[in-house]
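Since the structure comes first, as structure tokens, the remarks are kept for the end.
The values are calculated or read from the model by the stated rules, or taken from the named source; none is laboratory data. The structure displayed is predicted, hence computed values, not measured ones. Here the Cβ is made from the backbone with ideal geometry for all residues, glycine too, and neighbour counts use every protein chain on show. Protein only, heavy atoms only, side chains kept; ligands, DNA and RNA dropped before computing areas. Shrake-Rupley method; radii C 1.70, N 1.55, O 1.52, S 1.80 Å.
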Amino acid sequence: MKAHPLSAISMVACLLFTATVVSAQDAPARPKAGDKAPNVTGKTEKGQTWKLDEATGKSAVLLYFYPKDDTPGCTKEACGFRDSLGDLQKNGVAVVGVSFDNEESHRKFIEKHSLNFSLLADTDGKIADAYGVRVPGKNVARRVSFLIGKDGRIAHVTDAPQADVHLSEMKEAVGKLKKG
């Protein structure tokens, strides 16, 4: 007996759907406002160990993920945070960027654009995975920012491709954090 061609198509569609559902279930959920921030450790552009739990013990942390060093949107976002750092620090907020780029790439990016905060080299994607921001199947993070309070809880999340949105939403969220 010959199989009907539609049954083969149905089987392929079912397998693709199942694979999509399984991979979506395997991907860690992105934490949201109110959640305890995943406690991560990474290496800065200088090779120094950075730990979120130590940083939040001293200040709130604006932990932002971005796709790639020295690309137009990522440069605009980094320079925006650079230019706002004085106000952020006055409000008790430290800025830390994270991408899959290595330490050398981060050093060059910092030097070229006079960035005044650390960048974490997440070459294995463990930090991006902990925050659920890896682009599926790729070694690149989506543009997502997390404002984490001194208590280690996420106060605000911005998930948008435009750098401007991150800058304006984080400034507003920092203002609310200070009042709260």
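Taking square-rooted eigenvalues a ≥ b ≥ c of the alpha carbon gyration tensor, is segment 28-165 rounded, prolate or oblate, where a/c under 1.5 means rounded and, failing that, a/b exceeding b/c means prolate? Let's see the in-between values first.
Working: a/c = 1.29, a/b = 1.09, b/c = 1.19.
Rounded, because the longest to shortest axis ratio a/c is under 1.5.
Between R153 and D70, what FRET efficiency comes out of the Förster formula 1/(1 + (r/R0)^6) with R0 = 22 Å and r the beta carbon distance, rounded to 0.05? Walk me through the intermediate numbers first.
Values: r = 33 Å, r/R0 = 1.48.
After rounding, the FRET efficiency stands at 0.10.
Identify the residues of segment 144-179 with backbone N under 16 Å of a label point that sits 7 angstrom from the Cα of D87 along the Cα-to-Cβ direction, or state none.
164-179
Working out 0.36 nm times the residue gap between K112 and A29, then minus their Cα-Cα distance, what length gain in nm do you get to one decimal? Kindly include the intermediate steps, with their values, before the conclusion.
On the way: separation 83, 0.36 × 83 = 29.88 nm, distance 3.45 nm.
Net length gain for the segment: 26.4 nm.
Starting from the Cα of K126, draw a straight line to each of the lysines and keep only those under 26 Å, dropping any in the same chain fewer than 8 residues away.
K32, K36, K43, K46, K51, K58, K68, K76, K108, K138, K150
E54 to C79: extension gain in nm, 0.36 nm per residue of separation minus the Cα-Cα distance?
6.5 nm
Would you mind telling me the share, in percent, of accessible area of segment 56-111 contributed by carbon and sulfur at probe 1.4 angstrom? All intermediate terms of the calculation are to be shown ahead of the outcome.
Details: 1130 of 2340 Å².
That fraction is 48 percent.
For segment 86-180, what is the accessible area per residue in Å², given a 1.4 Å probe and the full set of protein chains? Can you show the working numbers first?
Numbers: 4750 Å² over 95 residues.
That works out to 50 Å² for each residue.
Quick check: from the Cα gyration tensor, does segment 44-96 come out rounded (a/c under 1.5), prolate or oblate? Could the numbers behind the result be given before it?
On the way: a/c = 2.42, a/b = 1.30, b/c = 1.87.
Oblate, because a/c is 1.5 or more while a/b does not exceed b/c.
Kindly work out what percent of the DSSP beta bridges joining two residues of segment 67-173 are antiparallel, to the nearest 5. Don't jump to the answer; show the numbers that get you there.
Details: 6 of 10 bridges.
Antiparallel: roughly 60 percent of the beta bridges in segment 67-173.
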